[in-house]
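Notes follow once the structure below has been shown.
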Amino acid sequence: MIEKVSDIRVIGVPRSGTNLVKYLVESYTEIRCHFHFGWWKHSVIPPPMQGTTIVEDTTPTIIVFRDPLIQLASFFKFTLSGGWAIQGEGEFPSFISQPITLNANTSISYRFSSPIDYWRQFYFATLNWQHENKWFVELEELQASPDTLMPILRKLLGDGLKIDDLRLPGGYLRRNVDAHIDQLNPVDQATDFRDERARVNRFVDSLSVELKRSVYDTETKEILAKLRAERVTAEQY
């Protein structure tokens with residue numbers, strides 16, 4: 001068990017579930033979740049350095065991921081809504097193989113050869129990050145069972161964990177930048193997770209078998225398998 005903490009970091013690519021993790025943790029505990037603790041939550045992990053020396057980072061960190069094909073469809077839906085964090089080109093079948101731009105803010109952007117290239121780079125870095133206090137959570141499992149977070153909260157709070165179960169919000173979560181849930185109303189009551197998943201699935205279903213196979217290449221499947229092997233599950237609580 002690590003020493004009881006009051007602040008943690010939550011990271012993941014856009015539309016991976018970072019807002020949901022933050023909502024659940026901050027709704028049921030006094031822990032504060034930060035999206036931009038040391039770096040932007042969507043950027044490939046940079047090595048914190050002082051001069052040429054890598055500085056040890058001990059901030060407890062939750063890393064959220066989801067199936068890459070579903071993630072790409074969610075990226076595309078996000079671009080259609082005018083989301084500024086990701087910009088791509090074409091309809092979904094061409095979007096998945098075209099370069100994308102990742103915008104951290106108005107002063108810095110990143111360029112990747114394709115959305116899946118970004119996904120691979122992001123999660124390859126998280127898997128190889130030498131960090132003792134990191135935990136992987138798969139979004140679809142978290143949506144099915146919010147208690148997926150309980151083993152992490154047990155490590156963070158120890159005997160201070162006073163909750164029996166976690167419950168999903170009553171609607172889809174709005175983007176909240178780095179505000180804490182007591183500072184805003186984060187829930188969109190007009191939309192639920194099933195609505196959102198159905199919209200994303202329509203894009204996935206529009207792809208040919210060949211295009212789906214191109215997403216799940218050897219490298220992608222290897223990274224996904226490693227993420228799932230290290231993920232936290234509700235059964236571990």
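The values are calculated or read from the model by the stated rules, or taken from the named source; none is laboratory data. Note that the coordinates shown come from a computational prediction; the quantities given were computed from them, not determined experimentally. Here the Cβ positions follow ideal geometry from the backbone for every residue, glycine too, while neighbour counts run over all protein chains shown. These area figures cover heavy atoms from the full protein model, side chains too; ligands, DNA and RNA do not enter into them. Shrake-Rupley method; radii C 1.70, N 1.55, O 1.52, S 1.80 Å.
Before moving on, here are some points about what is shown:
- A count restricted to the stretch 41-60 and to residues that are out of contact with any Ser or Thr (no Cβ under 7 Å at 6 or more places or on another chain), charged (D, E, K, R) and either open to solvent by less than 30 Å² (accessible area, probe 1.4 Å) or touching a residue at least 40 places away in the same chain (Cβ under 8 Å) (or both) stands at 1.
- Residue count for the stretch 30-40, restricted to those that are assigned to a loop (DSSP other than H, G, I, E, B) and either among the small types (Gly, Ala, Ser) or open to solvent by 30 Å² or more (accessible area, probe 1.4 Å) (or both): 5
- Test: residue in the stretch 225-236 that is under 17 Å from the mean Cα position of the chain (by Cα), part of a loop (DSSP other than H, G, I, E, B) and modelled with pLDDT of 80 or more: yes
- Meets criteria (of a type outside the set (A, V, I, L, M, F, W, C), outside any strand (DSSP E or B) and open to solvent by 70 Å² or more (accessible area, probe 1.4 Å)) for residue 71: no
- Residue list for the stretch 74-109, restricted to those being of a type in the set (Phe, Trp, Tyr) and out of contact with any helix residue (DSSP H, G or I) (no Cβ under 8 Å at 6 or more places or on another chain): 78, 84
- Considered as a group, the residues in the stretch 94-133 that are touching a residue at least 40 places away in the same chain (Cβ under 8 Å), surrounded by fewer than 19 Cβ atoms within 10 Å (Cβ to Cβ) and outside any loop (DSSP other than H, G, I, E, B) include one that is farthest from the chain's Cα centre (by Cα), and that residue is 110.
- In this entry, residue 63 passes the filter for residues that are surrounded by 11 or more Cβ atoms within 10 Å (Cβ to Cβ), within 22 Å of residue 10 (Cβ to Cβ), in contact with a strand residue (DSSP E or B) (Cβ under 7 Å, 6 or more places away or on another chain) and hydrophobic (A, V, I, L, M, F, W, C).
- Exactly one residue out of 5, 21 is within 18 Å of residue 134 (Cβ to Cβ) and either under 19 Å from the mean Cα position of the chain (by Cα) or surrounded by 20 or more Cβ atoms within 10 Å (Cβ to Cβ) (or both), and it is 21.
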